[in-house]
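This report concerns only the one structure given below.
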Amino acid sequence: MQQKSMFEDEKPELRPLAARLRPQTLDEYVGQTHLLGKGRVLRRLIEGDCVSSMIFWGPPGVGKTTLARIIANTTQSAFIDFSAVTSGIKEIREVMQEAENNTRYGDRTIVFVDEIHRFNKAQQDAFLPFVEKGSIILIGATTENPSFEVNAALLSRCKVFVLQALTTDDLTELLRRAVEDPRGFGGQNIEISPEHLAMIAEFANGDARCALSTLEMVILNGEDREDGTVCVTKEVLEQCISKKSLLYDKAGEEHYNLISALHKSMRNSDPDAAVYWLARMLEAGEDPLYIARRVTRFASEDVGLADPRALELAVAAYQACHFIGMPECSVHLTQAVVYMSLAPKSNALYMAYEAAKKDANEHISEPVPLNIRNAVTSLMEDLAYGKGYVYAHDTPEKLSAMQCLPDNLLGREYYCPTTEGTEAKFRTRLEQIKAWKKEQIKE
């Protein structure tokens, strides 16, 4: 059994395109090849009829509901579509009773709970006994991290599968299929270029539902020609999505061009340019968390210890974006971007790691000096593990001159602090430490 959609009693051609094209089999399903590719774990479970309760975690429009329906069809189970937005304890009990009745007749029931994170603890707990005794196979869908939003008791009884945002190629293939499939626009003569399909795919930002809805809108607003052809021009496309100057190009190059422009504007201490490129990305539909991650990288790569608070603010901005999303989080990203632009700059940490990485790769077999090894057995003590180790806290200076690098790397200097901002203090401190150690070695 499944709850009816408001469109089910309508003529098929009147249903939304996304509903008409909903895949019925795994072969029709687009994306999630890391889970559903040939030989992958979830595909094997479905094809082997061995599915158990699970949680699908991923962004909107990636096929969580569709996948649950395919599982129900493939495993020949009753399917109950259950919304956490409109249902409470009473509805849960009714559904559980229905599942119990199915069990008496030897039928399995898959209960699909959309937006399961919206259920409170009591509502989630109501599923527990039925999941435990196998009356239902629970498939929950959530856009939020289930570690925080699903009760531990329920989560421990479910396998979590992470669904990823669909790629531009995935969405372009989906759109091409929609134009050719009789369930879509296959019965009409539609003229739309591959480039325009790719533009819609980029605009949808990983969301299949958004991509199909946009395609439907541009075709319905296409130019009708005398021969019956519906032509989708660039002008029609731009009018429908109102993103003329913001659409990323087919190859995704503009995506990288814009993040590069943002990064280099912050590096050049130009807050006006940085805020402009930030706005370009957000208004084009870029994921704010992606931008927040790049700003966090910038905080250490280009600011570093010249202003240690930069990393704190970048992480706080990421958390704010996660908590409230767009459009509200645009101001948090603006704050972070302006701060990074005006902060003193140092790439000393980046250069330190790159230099150390080179030596680590070229001298990968260098042994750890005996004095800083941990002697956890008597044999290790006999082999001089830990011999000569000085516990810095036991010294008046809280320092020792013992060797910590391998012999052939002795004297290497990776971190070379600048005189910018707070890093000037770190530079002075490091110079004092090195001078003190040099004196101890002389003695």
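Given the convex hull of the Cα atoms of the chain, what is a quarter of its surface area in nm²?
On the way: hull surface 123.1 nm².
So the mean shadow area of the Cα hull is 30.8 nm².
Using a basic spin-label model with each label point 7 Å from the Cα along Cα→Cβ, how many nm lie between Glu91 and Cys416?
In this crude spin-label approximation the distance works out to 6.5 nm.
Determine the per residue accessible area of the chain with all protein chains present and a 1.4 angstrom probe, expressed in square angstrom.
For the chain, the solvent-accessible area averages 55 Å² per residue.
Between Asn101 and Glu397, what length in nm is gained on full extension when 0.36 nm per residue of separation is reduced by their alpha carbon distance?
Additional length available on full extension: 99.0 nm.
Would you compute, from DSSP H runs of 4+ residues alone, the mean residue ellipticity of the chain at 222 nm, taking -39500 (n - 2.57) per run and dividing by the full residue count, rounded to the nearest 500?
That comes out to -14000 deg cm²/dmol.
A 31 angstrom limit on the alpha carbon distance is what I want to check against. Which of Lys90/Lys133; Lys38/Lys358; Lys357/Lys438 exceed it?
Too far apart for the 31 Å limit: Lys38/Lys358.
Evaluate E = 1/(1 + (r/R0)^6) for Lys234 and Phe323, where r is the Cβ-Cβ distance and R0 equals 56 Å; express this FRET efficiency to the nearest 0.05.
Efficiency at R0 = 56 Å is approximately 0.90.
Provide the packing ranking of 268-278, 40-50, 377-387, i.e. peptides ordered by the mean count of other C-beta atoms within 10 Å per residue, highest first.
Top to bottom by mean Cβ count within 10 Å: 268-278, 40-50, 377-387.
Tell me the carbon and sulfur percent of the accessible area for segment 86-201, rounded to whole percent, probe radius 1.4 Å.
Ligands and nucleic acids excluded, carbon and sulfur reach 48 percent.
Counting only other residues whose beta carbon sits under 12 Å from that of Val51, what net charge do I get with K and R as +1, D and E as -1? Mind dumping the intermediate values first?
Values: positive: Arg43, Arg44, Arg108, Lys159; negative: Glu47, Asp49.
Around Val51, the surrounding residues sum to +2.
For a distance above 21 Å, tell me the whole-number percent of Cα pairs in segment 162-311 that qualify.
Everything past 21 Å amounts to 51 percent.
First select every other residue whose beta carbon is under 14 angstrom from the beta carbon of Arg177; then total the charges, Lys and Arg +1, Asp and Glu -1.
Spelling it out: positives minus negatives among the neighbours equals -4.
Taking 51 Å as R0, compute the FRET efficiency from the Cβ-Cβ separation of Asp407 and Tyr290 and round it to 0.05.
0.70
Per 10 Å bin, what percent of the C-alpha pairs of segment 14-170 does each bin hold, from zero upward?
For segment 14-170, the pair-distance distribution reads 11, 42, 36, 12, 0.
At 0.36 nm per residue, and after removing the present C-alpha to C-alpha distance, how many nm does the segment from Met380 to Asp169 gain when stretched out fully? Intermediate results must be reported in sequence, preceding the final value.
Details: separation 211, 0.36 × 211 = 75.96 nm, distance 5.59 nm.
The Met380-Asp169 span can extend by a further 70.4 nm.
In nm, to one decimal, how far is the modelled label at Glu283 from the one at Asp125, with both set 7 Å along Cα→Cβ?
In this crude label model, Glu283 to Asp125 measures out at 5.0 nm.
Between Arg40 and Ser193, what is the spin-label point distance in nm, taking each point 7 Å from the Cα along the Cα→C-beta axis?
3.3
Pulled fully out, how much extra length does the chain show between Lys264 and Glu431, if you take 0.36 nm times their separation in residues and subtract their Cα-Cα distance?
In short, 57.0 nm is gained.
Given Cα positions, please report Rg to Rh for segment 310-443, the hydrodynamic radius being the Kirkwood one.
Rg/Rh: 1.12.
Find, to one decimal place in angstroms, the Kirkwood hydrodynamic radius of segment 128-207, where the mean of 1/r is taken over every pair of different Cα atoms and then inverted.
15.9
What Rg and what Dmax come out for segment 387-432 when only alpha-carbon atoms are used, in angstroms?
Rg then Dmax for segment 387-432, in Å: 13.5, 40.
Please state, to two decimals, what the Cα-based radius of gyration of segment 76-136 comes to when divided by 2.2 N^0.38 Å (N = residues).
Details: Rg = 11.1 Å, N = 61, 2.2 N^0.38 = 10.5 Å.
Ratio of Cα Rg to 2.2 N^0.38 Å: 1.05.
Take the chain, connect every pair of alpha-carbon atoms lying under 10 Å apart with a spring to form a Gaussian network, then pick out the residue of Ser260, Ser365, Ser156 with the largest mean-square fluctuation.
In the Gaussian network model the winner is Ser365.
List the cysteines in the chain whose Cβ has no other cysteine Cβ under 4.7 Å from it.
Cys50, Cys158, Cys210, Cys231, Cys240, Cys404, Cys416
Could you state the number of Å between the C-alpha centres of segment 60-125 and segment 383-417?
Taking the Cα centre of each part, segment 383-417 and segment 60-125 sit 60 Å apart.
Give the residues of segment 396-426 whose amide nitrogen is closer than 14 Å to a point set 7 Å from the Cα of Arg373 in the direction of its Cβ.
Counting only backbone N, you get 406-407.
Per residue and in Å³, how big is the convex hull formed by the alpha-carbon atoms of segment 309-350?
With only Cα atoms used, segment 309-350 gives 67 Å³ per residue.
Tell me the carbon and sulfur percent of the accessible area for segment 277-428, rounded to whole percent, probe radius 1.4 Å.
On the way: 5100 of 8880 Å².
That fraction is 58 percent.
For Tyr276 and Val315, what does the FRET efficiency come to when R0 = 25 Å and r is the distance between their Cβ atoms, rounded to the nearest 0.05?
The calculated FRET efficiency here is 0.55.
The values are calculated or read from the model by the stated rules, or taken from the named source; none is laboratory data. Treat the numbers as computed from the prediction; the structure is a model and nothing was measured. Neighbour counts run over all protein chains shown; Cβ positions are idealised from the backbone, glycine included. Keep in mind that these areas ignore ligands, DNA and RNA; they rest on the heavy atoms of the full protein, side chains included. Shrake-Rupley method; radii C 1.70, N 1.55, O 1.52, S 1.80 Å.
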